[in-house]
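Undergrad: Attaching a single structure in structure tokens format; questions to follow.
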There are 2 protein chains.
Amino acid sequence: MADLISFARGAPSADLLPAEAVREAAQRALTDNPVRALSYGTGIGHPELCAWLADRHGNGLTAERVMVTNGSLEAGWMLFDHLLERGDTVVVEQPSYDRTLLMLERLGTRRVGVTLERDGIDVEALEQAIADGHKPKLVHIISNFHNPAGCTLSEAKRRRLVELSAQHGFWIFEDDPYREVRFAGAEELPTMLALAEGTEARVMHASSFSKTVSPGVRVGYLAGPAEEIGRLAKRAGETYISPNMLAEAIVYELCRSGGLDANIALVNVALAERRDAVVGALGDSIPEAEFVVPGGGYFLWLDLAQGSDTAGLLPLAKEQGVAFVAGPDFMLSGGEQSLRLSFASVPPGLVPEGISRIARALETQRS
Amino acid sequence: MADLISFARGAPSADLLPAEAVREAAQRALTDNPVRALSYGTGIGHPELCAWLADRHGNGLTAERVMVTNGSLEAGWMLFDHLLERGDTVVVEQPSYDRTLLMLERLGTRRVGVTLERDGIDVEALEQAIADGHKPKLVHIISNFHNPAGCTLSEAKRRRLVELSAQHGFWIFEDDPYREVRFAGAEELPTMLALAEGTEARVMHASSFSKTVSPGVRVGYLAGPAEEIGRLAKRAGETYISPNMLAEAIVYELCRSGGLDANIALVNVALAERRDAVVGALGDSIPEAEFVVPGGGYFLWLDLAQGSDTAGLLPLAKEQGVAFVAGPDFMLSGGEQSLRLSFASVPPGLVPEGISRIARALETQRS
């Protein structure tokens, strides 16, 4: 079998990792303030990084409303475990990030799926669900360059969700790791965190440096109401004293030196090229595929013809030397005719061959 | 008020942090294998570090029985949450590490305290508790240079605890972050992890690089039966994908280059000097204090005269410009006549003045 071309993993290929920039940042962090990097901190993590993040967000966000965490996945887990009890209703987009669905299941919550449209969650369907008697405690939204769906929540829907949060008292978990992985031509929309300022809406924003620096640094953050951040930071302190201060000191050095912005600029050009390569190859080899062309992020969500079976397709694809994730992994039910492609993980030169292999597997399955 | 001299925090003072060694290790880690440092890993963490740790332990330990974690505190939390259910009985030493007691309380376990003697837990009292009908699911033991008590579990007691684990089926959590913080003259005793090899005993060993490298790296590990490590690694993966690969890559570089051993040698000489300074000053200023002279670690546990009230002493001590932790924090009940001193945090030159301040506070309290 030829070498596997994997569109499965939501991570950039090795050539996009900023080894040199991180190496230089590590030097400076351990020269300028080694005590910060090497000592215990508290549950909020690296305080200067909290302040830098608050500034970066602007719109009234202050440092005491930010906590840095060991990645945004663990931060989400901590938030869920803190806010939710067994039997609580949580609205999830359909499709949604598979690990989130699993975490919410493990916590015994009642997950109510609401369809994702080309411009984000179907807000009218959410309102209908509430009118039908569902009382969500939390609504989980991946707002930019959705994983897995590639779509972005429109500004109008952002505003409406914030209004609904204020009206019905539910939390919005704005899960937003891809916001800065934005390609030329894509508009930057306000976060719901910003739109909630001065309202009664309750928004907890999560993001991460996994996509803008690299996943191995495991540095993410939460931003929200000061009181709730305080409670979460206390909980973090009880569980791990402080998150990783060494990695956070290195990330902070990248942030303040401009190394982060330089890397984002570089990576976003490379990723846009990969997106374009995948979109082009799909047009050539799998013209039946329907998808949102993402303005950033890592993912494309393909809807294939009615009656497709992507879970059954996967082993055939692997025989051809190509991998993806089948749609059902991201759904409470259904998803059989969909699949997720990560374009971050495949250098552009390999893309046409990779997509051809999927096309061949589809032919085999249908013949 | 004079500058605070704090014997409260279980962390070395800034001058003992190996900034240069970590800086050099970061350079090498990000030059030799940047992909490992910057990519996602899996729940076990840095695989080469797992293998190195298995080798370091020896005695039959293999890499698949080790997982690297974001510090050993979070690892303990994960283990407790995995193994224990509300109402389960857990035996804790008295005194024991305060954060462990809080975690076990938060999980709703029934904590049964067993007295600590000069050579570790009173094993006969543990056997009596079992004979009286207590059925521990887990026995929590800090085996070397105990926090807070300074004592070390004797080899005979280690062997007996392993036998009891095999006989009664309870888990031993061997919480052992100070093992390598061992001063000249202190014997190295076998771990219960090693003694359990080839028996039915169930030992989960936890340790950390917080004391041998620095706390800010937040790198710890668990070692135990392969099957249980596999389950815990799966759980870790579900919660945080992988622990911090960048920090682990740097720690691994320190390990394989000999930088770790060099730092341990350096730090242990410095810490022994601090211990000696505190022991000497106590003899001069607070001769009533009874304590185990620790052969390593960070802590001394003072028993003061009958009728002492260390919680009441603390604010008076702070007025004098000195801090410690009062005994009750480490006890399910009692501890009023005891207090914990960390000698790691105070440079030797400040020690006589610090201990004199405690003596003055005691005089004030008793006058």
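Undergrad: Report the label-to-label distance for B:Q365 and A:E363 in nanometres (one decimal), using points 7 Å from each Cα along the Cα→Cβ vector.
TA: Here the answer is 8.5 nm between the modelled labels.
Undergrad: If you don't mind, there's one more thing I want to ask. Just to confirm, what accessible area per residue do you get for the stretch B:19-257 at 1.4 Å probe, in whole Å²?
TA: It amounts to 34 Å² per residue over the stretch B:19-257.
Undergrad: Let me ask something else about it. Which lysines have a Cα less than 26 Å from the Cα of A:K137, not counting those fewer than 8 places away in the same chain?
TA: A:K157, A:K234
Undergrad: With a sphere of radius 11 Å drawn around the Cβ of A:I142, what net charge do the other residues whose Cβ falls strictly inside it have (Lys, Arg +1; Asp, Glu -1)?
TA: Combined, the nearby Lys, Arg, Asp and Glu give -3.
Undergrad: At 0.36 nm per residue, and after removing the present C-alpha to C-alpha distance, how many nm does the segment from B:L332 to B:R110 gain when stretched out fully?
TA: Taking 0.36 nm per residue and subtracting the Cα distance, the gain is 78.8 nm.
Undergrad: For chain B, give the share of DSSP beta bridges that are antiparallel, in percent and rounded to the nearest 5; count only bridges with both residues there.
TA: 45 percent
Undergrad: Restricting the count to DSSP beta bridges whose residues both fall in the protein assembly as shown, what percent are antiparallel, rounded to a multiple of 5?
TA: Beta bridges within the protein assembly as shown, antiparallel portion: roughly 45 percent.
Undergrad: Counting other C-beta atoms within 10 Å, and keeping those with at most 16, which DSSP coil GluC sites (Glu not before Pro) do you find in the stretch A:195-286?
TA: Loop-located and lightly packed - A:E197, A:E200.
Undergrad: What net charge do the residues around A:G220 carry, taking every other residue with its C-beta under 12 Å from that of A:G220, with Lys and Arg at +1 and Asp and Glu at -1?
TA: Counting the neighbours of A:G220, the net charge comes to -2.
Undergrad: Provide a whole-number value for the mean count of partner chain Cβ atoms within 10 Å of the Cβ atoms in peptide B:175-184.
TA: Mean shielding by partner chains, rounded to a whole number: 0.
Undergrad: Could I ask something else about it? Per residue of B:241-253, count partner chain C-beta atoms within 10 Å of its C-beta, then hand back the mean as an integer.
TA: Per residue, the average neighbour count from other chains is 6.
Undergrad: With θ taken as phi - 60° and the coefficients 6.51, -1.76 and 1.60, list the Karplus ³J(HN,Hα) couplings across the stretch B:293-307 in order, rounded to whole Hz; mark glycine and proline as x.
TA: Once rounded to whole Hz, the list reads 7, x, x, x, x, 10, 10, 10, 10, 8, 9, 9, 4, 3, x.
Undergrad: Give, as a single signed number, the net charge of other residues whose beta carbon lies under 9 Å from the beta carbon of B:G259, with Lys and Arg counted +1 and Asp and Glu -1.
TA: Once all neighbours under 9 Å are counted, the net charge is -2.
Undergrad: Let me ask something else. For the stretch A:151-192 and the stretch A:278-352, what is the separation of their C-alpha centers, rounded to whole Å?
TA: Using only Cα atoms to place each centre, the spacing works out to 25 Å.
Undergrad: Pick from B:T31, B:T89, B:T212: which is most flexible by mean-square fluctuation in a GNM of chain B where alpha carbon atoms under 10 Å apart are linked?
TA: B:T31
Undergrad: What helices in chain A pass both tests, a Cα length along the helix axis of 24 Å or more and a mean Kyte hydropathy of -0.5 or higher, using whole DSSP H runs?
TA: A:259-285
Undergrad: Taking θ = phi - 60°, what integer Hz values does the Karplus form 6.51 cos²θ - 1.76 cosθ + 1.60 yield along the stretch A:207-219, in sequence order, with x for Gly and Pro?
TA: Ordered by residue, 3J(HN,Hα) equals 8, 7, 9, 4, 9, 9, 10, 5, x, x, 6, 6, 10 Hz.
Undergrad: Now for a different question. How many times 2.2 N^0.38 Å is the alpha carbon radius of gyration of the stretch B:288-367?
TA: It is 1.04.
Undergrad: Please list, in chain and number order, the residues 5+ apart from B:G296 or on another chain whose amide H is under 5 Å from its amide H, with Hs placed from the backbone.
TA: Amide H neighbours of B:G296: B:F183.
Undergrad: Rule-of-thumb check for chain A: C-alpha Rg over 2.2 N^0.38 Å?
TA: 0.99
Undergrad: Shortest first and in nm to one decimal, what separations exist between B:A2 and its copies in the other chains, measuring from label points 7 Å along the Cα-to-beta-carbon line?
TA: Output for B:A2: 7.7 nm, nearest copy listed first.
Undergrad: Rounded to the nearest percent, how much of the accessible area of the protein assembly as shown (1.4 Å probe, protein heavy atoms only) is carbon and sulfur?
TA: Carbon plus sulfur share of accessible area: 48 percent.
Undergrad: Further, regarding this structure: Residue-wise, which Karplus ³J(HN,Hα) couplings in Hz belong to the stretch A:138-150, taking 6.51 cos²θ - 1.76 cosθ + 1.60, θ = phi - 60°, and x for glycine or proline?
TA: Karplus-based 3J(HN,Hα) across the stretch A:138-150 equals 8, 10, 9, 10, 9, 7, 10, 6, 3, 9, x, 8, x Hz.
Undergrad: Follow-up question, since we're still on this one. For a quick check: with amide H placed at 1.01 Å from N, whose amide H comes under 5 Å from B:G41's, ignoring anything fewer than 5 positions away on the same chain?
TA: Excluding prolines and chain starts, which carry no amide H, the hits are B:S242.
Undergrad: If you don't mind, another one. Once amide H atoms are built 1.01 Å from N in the peptide plane, which residues 5 or more positions from B:V322, or in another chain, come under 5 Å H to H?
TA: Those lying under 5 Å, H to H, from B:V322 are B:I5.
Undergrad: Using 0.36 nm per residue, how much length does the chain from A:A270 to A:A226 gain when fully extended, once their Cα-Cα distance is taken away?
TA: 12.1 nm
The values are calculated or read from the model by the stated rules, or taken from the named source; none is laboratory data. Computed from a predicted structure; not experimentally measured. Glycine gets a Cβ as well: all are built from the backbone with ideal geometry, and neighbour counts include every protein chain shown. Side chains included, ligands, DNA and RNA excluded: accessible areas come from the protein's heavy atoms. Shrake-Rupley method; radii C 1.70, N 1.55, O 1.52, S 1.80 Å.
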